[in-house]
Amino acid sequence: MSSPSATLTVWAASWLAGDAAPDDVIDALAAWAPMHLIGAADAETAVRHDLEWPGVTASGVSTLLRIARSEAAEVRLVLPTAGDVRGLPTGTEFARAAIATGEGIQIGAVGKPGVGLVPSQEGPDVLRWTVFSIPAVAGSAESIGLREAEYELRQAVRDAAEVLGGLPAVATGMPGGDARTLVAEALQAQAGYRWPSTLSPRHLQVIDTADNVAAILTVAASVSTNQAPSVSTAQRRDDLLRRLWDVVRTARVASANSVSIRA
């Protein structure tokens, strides 16, 4: 499970489609934090969705579901990063918050007013969701489907394996042992996150593969080699890692949104 936004996107879509109960969504989000606070980005949004203003409400995930139901359209995951703002409504407060956080959700029909949600960690046990009004929900002409994401991931797996093979036997940049052990530990840490049982084997395969590649990239970015690489070698490595992260983000968005758009 890559992020709170990915979790909520897929589970909310499953609930809207009648494939999950509200308690299922609440339980899935509890893996990220036991307490979820909901706050509006501005007074107008607070009035529109019956939220506290100023301040936050502790009503939690049930409020997020109520908001999703009120929009009754599509639920779209966005995972923006510097230089890649696909799927964001440009020039909005929601877009700026999502870029700063690296994730967010749009709820509503493309081209029509909707809602944006951006999570932020308030503490070890508290996740805050800020609700934004979006004048026009954005689609993404560059988005790809699940089949294309699956194809891109096949090559990414081979490239990530080469990255892992090039890491030192002892991961000197991180405590805990060799690089492969660190990758296994990173994957094990995700075992507590759940997906709806109605997800297809293809969805699960794409999600699992993206998580595996992401774990390798996370470890690769954190460990140091035994000798300083040349400038050209370091540049090639950075370019490769950047490209692989782009494939991972694209696959995660494709897997979440190919489920959620049917809602």
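The values are calculated or read from the model by the stated rules, or taken from the named source; none is laboratory data. Please read all numbers here as calculations on a predicted model, not as lab measurements. Backbone-built Cβ (ideal geometry, glycine too); neighbour counts: all protein chains shown. The area values use the complete protein model at the heavy-atom level, side chains included, leaving out ligands, DNA and RNA. Shrake-Rupley method; radii C 1.70, N 1.55, O 1.52, S 1.80 Å.
Summary of values
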{"quantity": "Unique residue being aliphatic (A, V, I, L, M), in contact (Cβ under 8 Å) with a residue 24 or more places away in the chain, closer than 24 Å to Thr90 by Cβ and touching a strand residue (DSSP E or B) at 6+ places or on another chain (Cβ under 7 Å) when the list is Val75, Val61", "calculated": "Val75"}
{"quantity": "Scope segment 18-40; condition closer than 16 Å to Thr198 by Cα and open to solvent by less than 50 Å² (accessible area, probe 1.4 Å); matching residues", "calculated": "Ala20, Ala21, Val25, Ala28"}
{"quantity": "Of all residues in segment 119-139 being without any contact (Cβ under 8 Å) to a residue 60 or more places away in the chain and assigned to a strand (DSSP E or B), the one that is most open to solvent (accessible area, probe 1.4 Å)", "calculated": "Ser120"}
{"quantity": "Among (1) surrounded by fewer than 18 Cβ atoms within 10 Å (Cβ to Cβ); (2) in contact with a Gly (Cβ under 9 Å, 6 or more places away or on another chain); (3) not β-branched (Val, Ile, Thr) - the single one Arg158 does not satisfy", "calculated": "(2)"}
{"quantity": "Total residues in segment 4-60, condition in contact with a helix residue (DSSP H, G or I) (Cβ under 8 Å, 6 or more places away or on another chain) and hydroxyl-bearing (Ser, Thr, Tyr)", "calculated": "4"}
{"quantity": "Residue within segment 88-97 that is modelled with pLDDT under 95 and in contact with a helix residue (DSSP H, G or I) (Cβ under 8 Å, 6 or more places away or on another chain) present", "calculated": "yes"}
{"quantity": "Subset of segment 253-262 (residues that are open to solvent by 40 Å² or more (accessible area, probe 1.4 Å) and either modelled with pLDDT of 90 or more or part of a loop (DSSP other than H, G, I, E, B) (or both))", "calculated": "Ile261, Arg262"}
{"quantity": "Residues of segment 115-125 that turn out to be at pLDDT below 95 and either touching a helix residue (DSSP H, G or I) at 6+ places or on another chain (Cβ under 9 Å) or not charged (D, E, K, R) (or both), as a count", "calculated": "3"}
{"quantity": "Segment 92-117, subset without any contact (Cβ under 8 Å) to a residue 40 or more places away in the chain and under 21 Å from Ser62 (Cβ atoms), residue surrounded by the most Cβ atoms within 10 Å (Cβ to Cβ)", "calculated": "Gln106"}
